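The next block holds one structure in the form of C-alpha coordinates; read it before the comments.
The values are calculated or read from the model by the stated rules, or taken from the named source; none is laboratory data. Only a predicted model underlies this, so the values are computations on that prediction, with no experimental measurement involved. Positions of Cβ are generated from backbone atoms using ideal geometry, with glycine treated the same way; all protein chains shown enter the neighbour counts.
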(Lines give C-alpha, C1' and ligand atoms only; values in the text may rest on other atoms or scores of the structure.)
Protein backbone atom coordinates (compact mmCIF):
# COMPACT_ATOMS: atom_id res chain seq x y z
CA UNK A 1 0.00 0.00 0.00
CA UNK A 2 1.46 3.37 -1.04
CA UNK A 3 1.69 6.23 1.44
CA UNK A 4 -0.93 8.29 -0.45
CA UNK A 5 -3.41 5.41 -0.48
CA UNK A 6 -2.74 4.77 3.22
CA UNK A 7 -3.42 8.42 4.08
CA UNK A 8 -6.63 8.38 2.02
CA UNK A 9 -7.73 5.25 3.88
CA UNK A 10 -7.08 6.92 7.25
CA UNK A 11 -9.07 9.99 6.18
CA UNK A 12 -11.95 7.76 5.09
CA UNK A 13 -11.99 6.02 8.49
CA UNK A 14 -11.70 9.36 10.32
CA UNK A 15 -14.60 10.81 8.33
CA UNK A 16 -16.75 7.75 9.06
CA UNK A 17 -16.04 7.99 12.80
CA UNK A 18 -16.66 11.74 12.73
CA UNK A 19 -20.01 11.30 11.01
CA UNK A 20 -21.26 8.93 13.73
CA UNK A 21 -21.12 11.46 16.58
CA UNK A 22 -21.13 14.87 14.91
CA UNK A 23 -23.20 16.96 12.57
CA UNK A 24 -22.18 19.70 10.18
CA UNK A 25 -24.05 22.99 9.95
CA UNK A 26 -23.73 25.13 6.83
CA UNK A 27 -25.30 28.57 6.50
CA UNK A 28 -25.61 30.10 3.04
CA UNK A 29 -27.04 33.24 1.50
CA UNK A 30 -28.21 33.45 -2.11
CA UNK A 31 -29.75 36.27 -4.11
CA UNK A 32 -31.45 36.92 -7.43
CA UNK A 33 -31.74 40.45 -8.83
CA UNK A 34 -33.69 41.31 -11.98
CA UNK A 35 -35.39 44.45 -13.35
CA UNK A 36 -38.94 45.11 -12.07
CA UNK A 37 -38.83 42.17 -9.64
CA UNK A 38 -35.91 43.59 -7.68
CA UNK A 39 -33.68 41.65 -5.31
CA UNK A 40 -34.79 38.38 -3.72
CA UNK A 41 -32.68 36.95 -0.89
CA UNK A 42 -32.67 33.31 0.22
CA UNK A 43 -31.12 32.32 3.54
CA UNK A 44 -30.51 28.60 4.14
CA UNK A 45 -29.28 26.59 7.09
CA UNK A 46 -28.41 22.97 6.31
CA UNK A 47 -27.85 20.31 8.97
CA UNK A 48 -25.99 17.21 7.75
CA UNK A 49 -25.29 13.92 9.54
CA UNK A 50 -24.92 10.32 8.42
CA UNK A 51 -27.90 9.41 6.19
CA UNK A 52 -29.96 12.44 7.19
CA UNK A 53 -30.32 16.07 6.22
CA UNK A 54 -32.44 19.03 7.23
CA UNK A 55 -32.57 22.26 5.20
CA UNK A 56 -34.35 25.36 6.52
CA UNK A 57 -34.83 28.47 4.44
CA UNK A 58 -36.25 31.98 4.60
CA UNK A 59 -36.95 34.18 1.57
CA UNK A 60 -37.10 37.98 1.61
CA UNK A 61 -38.09 40.32 -1.22
CA UNK A 62 -36.72 43.86 -1.11
CA UNK A 63 -39.09 45.73 -3.44
CA UNK A 64 -42.20 46.84 -1.55
CA UNK A 65 -44.76 45.99 -4.26
CA UNK A 66 -43.45 42.49 -4.91
CA UNK A 67 -42.82 42.03 -1.19
CA UNK A 68 -46.48 42.85 -0.54
CA UNK A 69 -47.69 40.50 -3.28
CA UNK A 70 -45.37 37.76 -2.04
CA UNK A 71 -46.71 38.26 1.45
CA UNK A 72 -50.12 37.23 0.17
CA UNK A 73 -48.67 33.88 -0.91
CA UNK A 74 -48.26 31.24 1.78
CA UNK A 75 -44.70 30.26 2.76
CA UNK A 76 -42.85 33.12 1.03
CA UNK A 77 -41.99 35.01 4.22
CA UNK A 78 -42.09 31.94 6.47
CA UNK A 79 -39.32 29.62 7.59
CA UNK A 80 -39.84 26.42 5.62
CA UNK A 81 -37.80 23.27 5.37
CA UNK A 82 -37.12 19.85 3.86
CA UNK A 83 -36.17 17.01 6.18
CA UNK A 84 -34.71 13.70 5.02
CA UNK A 85 -34.96 11.45 8.06
CA UNK A 86 -32.73 8.49 8.95
CA UNK A 87 -35.47 6.05 7.87
CA UNK A 88 -35.51 7.61 4.39
CA UNK A 89 -38.82 9.42 4.80
CA UNK A 90 -38.96 12.97 3.49
CA UNK A 91 -41.01 15.73 5.08
CA UNK A 92 -41.67 19.33 4.16
CA UNK A 93 -42.58 21.72 6.95
CA UNK A 94 -43.54 25.29 7.81
CA UNK A 95 -41.99 26.42 11.08
CA UNK A 96 -44.28 29.45 11.43
CA UNK A 97 -47.53 27.51 10.96
CA UNK A 98 -46.28 24.42 12.83
CA UNK A 99 -47.33 22.20 9.90
CA UNK A 100 -45.62 19.37 8.05
CA UNK A 101 -46.46 17.20 5.04
CA UNK A 102 -45.31 14.29 2.90
CA UNK A 103 -42.62 15.96 0.75
CA UNK A 104 -42.57 13.39 -2.08
CA UNK A 105 -46.36 13.29 -2.27
CA UNK A 106 -46.49 17.06 -2.69
CA UNK A 107 -43.71 16.97 -5.32
CA UNK A 108 -45.60 14.28 -7.25
CA UNK A 109 -48.82 16.28 -7.05
CA UNK A 110 -47.12 19.43 -8.35
CA UNK A 111 -45.52 17.45 -11.19
CA UNK A 112 -48.91 16.03 -12.23
CA UNK A 113 -50.38 19.53 -12.28
CA UNK A 114 -47.61 21.04 -14.40
CA UNK A 115 -49.87 21.21 -17.44
CA UNK A 116 -52.20 23.49 -15.50
CA UNK A 117 -49.52 25.72 -14.05
CA UNK A 118 -46.88 28.13 -15.28
CA UNK A 119 -43.24 27.43 -14.56
CA UNK A 120 -40.15 29.49 -15.31
CA UNK A 121 -36.60 28.24 -15.80
CA UNK A 122 -33.53 30.07 -17.03
CA UNK A 123 -29.79 29.97 -17.52
CA UNK A 124 -27.40 32.82 -18.29
CA UNK A 125 -26.43 31.28 -21.62
CA UNK A 126 -28.54 31.34 -24.77
CA UNK A 127 -28.69 28.36 -27.12
CA UNK A 128 -29.00 30.82 -30.04
CA UNK A 129 -26.06 32.92 -28.83
CA UNK A 130 -22.88 30.82 -28.82
CA UNK A 131 -19.84 31.63 -26.72
CA UNK A 132 -17.31 33.56 -28.78
CA UNK A 133 -14.62 33.77 -26.12
CA UNK A 134 -13.98 32.63 -22.53
CA UNK A 135 -11.31 34.01 -20.20
CA UNK A 136 -10.37 33.49 -16.55
CA UNK A 137 -8.25 35.79 -14.38
CA UNK A 138 -6.65 35.10 -11.01
CA UNK A 139 -6.50 38.24 -8.88
CA UNK A 140 -3.54 39.04 -6.65
CA UNK A 141 -3.64 39.13 -2.88
CA UNK A 142 -5.89 37.41 -0.38
CA UNK A 143 -9.42 38.45 0.62
CA UNK A 144 -11.00 37.50 3.94
CA UNK A 145 -14.67 36.51 3.57
CA UNK A 146 -16.65 35.37 6.62
CA UNK A 147 -13.40 34.33 8.27
CA UNK A 148 -12.16 32.37 5.24
CA UNK A 149 -8.87 33.28 3.51
CA UNK A 150 -9.78 33.34 -0.18
CA UNK A 151 -8.37 34.00 -3.64
CA UNK A 152 -10.56 35.77 -6.20
CA UNK A 153 -11.07 34.57 -9.77
CA UNK A 154 -13.05 36.22 -12.57
CA UNK A 155 -14.41 34.22 -15.51
CA UNK A 156 -15.85 36.00 -18.56
CA UNK A 157 -18.12 34.34 -21.12
CA UNK A 158 -18.55 36.47 -24.26
CA UNK A 159 -21.52 36.00 -26.59
CA UNK A 160 -22.79 38.18 -29.41
CA UNK A 161 -25.36 39.86 -27.16
CA UNK A 162 -24.03 39.54 -23.63
CA UNK A 163 -20.97 39.50 -21.42
CA UNK A 164 -21.39 37.06 -18.55
CA UNK A 165 -19.07 37.99 -15.68
CA UNK A 166 -18.61 35.50 -12.83
CA UNK A 167 -16.57 36.48 -9.77
CA UNK A 168 -15.66 33.61 -7.45
CA UNK A 169 -13.71 33.30 -4.22
CA UNK A 170 -11.94 30.04 -3.40
CA UNK A 171 -10.34 28.58 -0.28
CA UNK A 172 -7.29 26.38 -0.81
CA UNK A 173 -8.59 23.62 1.47
CA UNK A 174 -11.77 23.20 3.50
CA UNK A 175 -12.04 19.73 5.02
CA UNK A 176 -15.45 20.36 6.62
CA UNK A 177 -16.92 21.20 3.22
CA UNK A 178 -15.49 17.96 1.78
CA UNK A 179 -17.07 15.97 4.63
CA UNK A 180 -20.38 17.80 4.12
CA UNK A 181 -20.22 17.06 0.40
CA UNK A 182 -19.56 13.37 1.07
CA UNK A 183 -22.49 13.18 3.50
CA UNK A 184 -24.77 14.87 0.99
CA UNK A 185 -23.72 12.68 -1.95
CA UNK A 186 -23.98 9.46 0.09
CA UNK A 187 -27.52 10.44 1.01
CA UNK A 188 -28.43 11.25 -2.60
CA UNK A 189 -27.10 7.85 -3.69
CA UNK A 190 -29.26 6.14 -1.04
CA UNK A 191 -32.29 8.01 -2.39
CA UNK A 192 -31.58 6.79 -5.94
CA UNK A 193 -30.78 10.24 -7.31
CA UNK A 194 -29.50 10.34 -10.94
CA UNK A 195 -25.71 10.75 -11.28
CA UNK A 196 -26.10 13.99 -13.24
CA UNK A 197 -27.97 15.64 -10.36
CA UNK A 198 -25.49 14.30 -7.80
CA UNK A 199 -22.57 15.82 -9.72
CA UNK A 200 -24.40 19.14 -10.12
CA UNK A 201 -24.95 19.19 -6.34
CA UNK A 202 -21.23 19.19 -5.48
CA UNK A 203 -20.43 21.65 -2.70
CA UNK A 204 -17.60 24.06 -3.50
CA UNK A 205 -17.70 23.52 -7.29
CA UNK A 206 -18.70 27.11 -8.02
CA UNK A 207 -20.98 28.73 -10.61
CA UNK A 208 -18.65 29.09 -13.61
CA UNK A 209 -18.25 25.30 -13.70
CA UNK A 210 -21.98 24.57 -13.51
CA UNK A 211 -23.44 23.57 -16.87
CA UNK A 212 -27.00 24.29 -15.67
CA UNK A 213 -26.02 27.87 -14.75
CA UNK A 214 -24.04 28.56 -17.92
CA UNK A 215 -26.57 26.85 -20.17
CA UNK A 216 -24.06 24.69 -22.01
CA UNK A 217 -23.68 20.88 -21.82
CA UNK A 218 -20.13 21.11 -23.19
CA UNK A 219 -18.26 23.21 -20.62
CA UNK A 220 -15.26 20.87 -20.43
CA UNK A 221 -14.66 21.06 -24.17
CA UNK A 222 -15.19 24.84 -24.16
CA UNK A 223 -12.68 25.30 -21.33
CA UNK A 224 -10.23 23.12 -23.23
CA UNK A 225 -10.79 25.12 -26.43
CA UNK A 226 -10.00 28.43 -24.68
CA UNK A 227 -7.26 26.97 -22.41
CA UNK A 228 -9.14 27.72 -19.18
CA UNK A 229 -7.43 26.26 -16.12
CA UNK A 230 -9.64 25.00 -13.25
CA UNK A 231 -10.00 27.06 -10.09
CA UNK A 232 -8.04 25.28 -7.33
CA UNK A 233 -9.64 24.65 -3.95
CA UNK A 234 -13.19 25.10 -2.69
CA UNK A 235 -15.34 27.94 -4.05
CA UNK A 236 -17.31 29.49 -1.18
CA UNK A 237 -18.74 32.55 -2.93
CA UNK A 238 -19.88 33.35 -6.46
CA UNK A 239 -21.49 36.38 -8.13
CA UNK A 240 -22.90 36.34 -11.67
CA UNK A 241 -23.70 39.39 -13.80
CA UNK A 242 -25.27 39.23 -17.26
CA UNK A 243 -24.31 42.46 -19.00
CA UNK A 244 -25.85 43.70 -22.25
CA UNK A 245 -22.90 44.52 -24.54
CA UNK A 246 -24.75 47.26 -26.42
CA UNK A 247 -25.96 49.25 -23.40
CA UNK A 248 -23.31 48.00 -20.92
CA UNK A 249 -26.11 47.56 -18.37
CA UNK A 250 -26.61 44.58 -16.07
CA UNK A 251 -29.78 42.73 -17.06
CA UNK A 252 -29.57 40.04 -14.41
CA UNK A 253 -27.44 39.16 -11.42
CA UNK A 254 -27.42 36.38 -8.85
CA UNK A 255 -25.03 34.69 -6.48
CA UNK A 256 -24.48 32.50 -3.48
CA UNK A 257 -22.01 32.29 -0.60
CA UNK A 258 -21.16 30.19 2.43
CA UNK A 259 -21.68 32.44 5.45
CA UNK A 260 -20.75 29.90 8.14
CA UNK A 261 -19.57 26.29 8.31
CA UNK A 262 -18.94 24.37 11.51
CA UNK A 263 -19.19 20.98 13.23
CA UNK A 264 -21.01 20.31 16.48
CA UNK A 265 -22.20 17.40 18.60
CA UNK A 266 -24.99 15.40 17.01
CA UNK A 267 -28.45 16.61 18.10
CA UNK A 268 -31.40 14.37 17.25
CA UNK A 269 -33.72 17.41 17.44
CA UNK A 270 -31.96 18.83 14.37
CA UNK A 271 -33.46 15.99 12.33
CA UNK A 272 -36.94 15.69 13.85
CA UNK A 273 -40.30 17.33 13.23
CA UNK A 274 -41.51 18.80 16.52
CA UNK A 275 -44.31 17.07 18.42
CA UNK A 276 -46.32 20.30 18.26
CA UNK A 277 -46.44 20.20 14.43
CA UNK A 278 -49.65 19.14 12.67
CA UNK A 279 -49.60 16.77 9.67
CA UNK A 280 -51.49 18.24 6.71
CA UNK A 281 -52.40 16.90 3.27
CA UNK A 282 -50.98 19.04 0.45
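Residues that are modelled with pLDDT under 95, surrounded by 12 or more Cβ atoms within 10 Å (Cβ to Cβ) and touching a strand residue (DSSP E or B) at 6+ places or on another chain (Cβ under 8 Å) within region 123-145 comprise 124, 125, 126, 129, 131, listed in sequence order. For region 239-263, taking the residues that are in contact with a strand residue (DSSP E or B) (Cβ under 8 Å, 6 or more places away or on another chain) and in a loop (DSSP other than H, G, I, E, B), the one that is surrounded by the fewest Cβ atoms within 10 Å (Cβ to Cβ) is identified as 249. Of all the criteria given as (1) in contact with a strand residue (DSSP E or B) (Cβ under 8 Å, 6 or more places away or on another chain); (2) surrounded by fewer than 19 Cβ atoms within 10 Å (Cβ to Cβ), the one not satisfied by residue 230 is (1). Among the residues of region 215-245, the one identified as farther than 18 Å from residue 136 by Cβ and free of Cβ contacts under 8 Å to residues at least 12 places away in the same chain is 217.
From the set of residues in region 264-282 that are surrounded by 16 or more Cβ atoms within 10 Å (Cβ to Cβ) and modelled with pLDDT of 95 or more, which is farthest from residue 54 (Cα to Cα)?
Residues of region 264-282 that are surrounded by 16 or more Cβ atoms within 10 Å (Cβ to Cβ), as a first pass: 266, 270-271, 273, 277.
When the remaining residues are screened for being modelled with pLDDT of 95 or more, the result is 266, 270-271, 277.
Details: 266: 13, 270: 7, 271: 6, 277: 16 Å.
Among those that are surrounded by 16 or more Cβ atoms within 10 Å (Cβ to Cβ) and modelled with pLDDT of 95 or more, it is 277.
Only one of (1) out of contact with any strand residue (DSSP E or B) (no Cβ under 8 Å at 6 or more places or on another chain); (2) surrounded by 15 or more Cβ atoms within 10 Å (Cβ to Cβ); (3) in contact (Cβ under 8 Å) with a residue 24 or more places away in the chain fails for residue 157. Which number is that? Every listed condition holds for residue 157 apart from (1). In region 103-122, the residue that is farthest from residue 259 (Cα to Cα) out of those that are at pLDDT 90 or above and exposed (fewer than 15 other Cβ atoms within 10 Å of the Cβ) is 105.
The single condition among (1) in a helix (DSSP H, G or I); (2) without any contact (Cβ under 8 Å) to a residue 24 or more places away in the chain; (3) over 28 Å from residue 139 (Cα atoms) that residue 193 does not satisfy is (1).
Count, please, the residues in region 200-219 that happen to be surrounded by 13 or more Cβ atoms within 10 Å (Cβ to Cβ) and over 16 Å from residue 163 (Cβ atoms). Write out each step before concluding.
Step one: list which residues in region 200-219 are surrounded by 13 or more Cβ atoms within 10 Å (Cβ to Cβ), which gives 200-216, 219.
So of that shortlist, the ones also over 16 Å from residue 163 (Cβ atoms) come out as 200-206, 209-212, 219.
Selection size over region 200-219: 12.
In a residue-by-residue description of region 60-77, the property of being part of a strand (DSSP E or B) and modelled with pLDDT of 95 or more applies to no position.
Specify which of the listed residues (236, 198) is within 17 Å of the chain's Cα centre (by Cα) and part of a helix (DSSP H, G or I). Working first, answer last.
Working: 236 fails: part of a helix (DSSP H, G or I).
Just a single option satisfies the conditions, and that option is 198.
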